[in-house]
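*Asks:* Pasting a structure here, questions to come.
Nothing in this text is a laboratory measurement; each read-out follows from the coordinates by a stated rule. Owing to the predicted nature of the structure, the values given are computational and were not obtained by experimental measurement. Backbone-built Cβ (ideal geometry, glycine too); neighbour counts: all protein chains shown.
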Amino acid sequence: MIDDLLQITGLLFRSALPKPGLRVCVVVPVKNEALGLKHTLDALRCQQDAKGNVYPANAYEVLLLINNSNDGSYRIAKSYQQQYPKFQLHIQQINLPKPYANVGTARRLLMDAAYRRLTANGDDAGIIASTDGDTIVDSQWLYQTVAAIEAGNDAVGGRILTLAEVNDARQFHLRDVTYRCLLAKAEALIDPQEHDPMPRHFQFFGASMAVTCQMYQRVGKLPRVPHLEDMAFYEALLKHDARVRKSFDVKVYTSPRLQGRVAVGFSEQLSKWVTDQKSGKLQMVDSAAVMLAKYKARKSLRNCWDRKSITAKPCSELIRVAHLTNCSVQWLYQQLLKAEYFGILWAQVDPLIHQQALLTYQPHQPVVEAISALRHYISQFTPAPVFETNPAGTYHAESRLSA
């Protein structure tokens, strides 16, 4: 079975050579997306720069992998390809073997193919960008993605907005967005990163993510997992100290449908929130106190990391972090010295900090309480509210943060 998959990988997108001047390769896994696929392709074809000019057609291409579909997606894509021959659209249809019939495998095959095409001439400066078959990218999605990379970043996470559709899950989604955007604000206040300043958001998902070929190779490419492959990839990037920008200027629009195409993902979470409400369960999140404690510990550990080349023994901040992890100072100091990247060090310490924080604070709290706690914390640094609540008590964000 593995040999079959390797054979598939070797044959994908080999028929057409990349055009000279290719800078970005956009990958789109598709499974039964006939209903909205044309809209997805329209958005990718009609890209513009910041002045509204047409984005150079030869600067990017789109790889569409239609996998395990039975709804006519392939026919629609081929018809679109014939209708717009100047649009650099490459299409392949495959049926993945059952153990590999998942979005993780499909996206990995696509990103590996994109990497191969972009580096065919020995240059690793190309950009692999990812979106989904039910997603409509913004008109400046490519331009803003490339701009973020050219600013010195290794990867970019775009803002994923839901299309205006009324269903029972929307209020839960908006509360979750509010909570996570407030976390991003608090995180930036506690442990600021020069490459990812505010305003920034919290998302790095397959519907809008991009990475340089150089960094894709460094982290070992997309992890081999059946689902949540984007989250696993993000963790790999952080472990390698990749400069990840979460820009509001990079944005896409996706469906808030309750029935998804994958076993684990956004649609499943929406359905769970609706089910929990019907059974009387509150919408719970990681408590604000636990998350703030982790950000503060990470900042202290980062300070130690920045000073490790000039420090011959554990500093006071490292001793404090060791106390927070309930591990020996000497053990932590040894991990600090031998870690190749700060991200690897933090990946070891994070679960220990989390475990100890749970002994001090409640592990979870209702999302409304967590939002209130985060607002209170942020207000100590800035009087400007990030989110407002309307008289009915439902949450809505500023226009650029709306979901």
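*Asks:* What three numbers, in Å, describe the spread of the alpha carbons of the stretch 65-124 along their principal axes, ordered from the longest?
*Replies:* Sorted largest first, the three principal extents are 38, 35, 11 Å.
*Asks:* Taking amide hydrogens as modeled 1.01 Å from N in the peptide plane, which residues meet the under 5 Å criterion relative to THR162, leaving out close sequence neighbours?
*Replies:* Hits under the 5 Å cutoff: THR254.
*Asks:* I've got another one for you. Can you work out the FRET efficiency for the pair ILE310 and LYS38, with r the C-beta to C-beta distance and R0 = 60 Å, to the nearest 0.05?
*Replies:* On the way: r = 59 Å, r/R0 = 0.98.
With R0 = 60 Å, the Cβ-Cβ based efficiency is 0.55.
*Asks:* Would you calculate a helix-derived [θ] at 222 nm for the chain, using -39,500 (n - 2.57) for each DSSP H run of n ≥ 4 and dividing by the full residue count, to the nearest 500?
*Replies:* So the calculated ellipticity at 222 nm is -14000 deg cm²/dmol.
*Asks:* Based on the Cβ-Cβ distance from GLN334 to LEU163, what FRET efficiency comes out when R0 is 60 Å, to the nearest 0.05? Numbers along the way, then the final one.
*Replies:* Details: r = 51 Å, r/R0 = 0.84.
Taking R0 as 60 Å, the efficiency between GLN334 and LEU163 is 0.75.
*Asks:* Enumerate the amide H contacts of MET209 below 5 Å, restricted to partners 5 or more residues apart or on another chain; note that Pro and chain-start residues carry no placed amide H.
*Replies:* For MET209, whose amide H was placed from the backbone, the distant partners under 5 Å are SER130, GLY158.
*Asks:* Name the long-range amide H neighbours of VAL250: under 5 Å, sequence gap of 5 or more, or other chain; modelled H, no Pro or chain starts.
*Replies:* ARG159
*Asks:* Can you flag which of LYS38/LYS272; LYS246/LYS296; LYS221/LYS299; LYS239/LYS299; LYS51/LYS251 are past 26 Å Cα-Cα?
*Replies:* LYS38/LYS272; LYS221/LYS299
*Asks:* Across the Cα atoms of the stretch 289-360, what radius of gyration and what greatest pairwise Cα-Cα distance (Dmax) are found, in Å?
*Replies:* 11.2, 34
*Asks:* For the stretch 54-182, what number results from the quotient of the Cα radius of gyration and 2.2 N^0.38 Å? List each step's numbers first, then the result.
*Replies:* Values: Rg = 17.3 Å, N = 129, 2.2 N^0.38 = 13.9 Å.
The value comes to 1.24.
*Asks:* Return the sequence-ordered ³J(HN,Hα) values of the stretch 77-85 in whole Hz as given by the Karplus equation 6.51 cos²θ - 1.76 cosθ + 1.60 applied to θ = phi - 60°, using x for Gly and Pro.
*Replies:* Residue by residue, the stretch 77-85 yields 5, 5, 5, 5, 4, 6, 6, 10, x Hz.
*Asks:* Let me ask something else. For the chain, with a Gaussian network of springs between Cα atoms less than 10 Å apart, report the residue from ARG159, ARG107, ARG218 with the top mean-square fluctuation.
*Replies:* Largest GNM mean-square fluctuation: ARG218.
*Asks:* Continuing with this model, one more query. Please list 3J(HN,Hα) in residue order for the stretch 53-64, calculated via the Karplus relation 6.51 cos²θ - 1.76 cosθ + 1.60 where θ = phi - 60°; whole Hz, with x for glycine and proline.
*Replies:* Result, ordered by residue: 6, 5, 5, x, 5, 7, 7, 8, 9, 10, 9, 10 Hz.
*Asks:* Follow-up. Take the alpha carbon atoms of the stretch 68-138, find their center, do the same for the stretch 142-205, and report the distance between the two centers in whole angstrom.
*Replies:* Spelled out, the Cα-based centre of one part sits 25 Å from the other.
*Asks:* Also, quick follow-up: Mean-square fluctuation check for the chain, GNM, Cα pairs under 10 Å: which of ILE94, ILE127, ILE149 is largest?
*Replies:* ILE94
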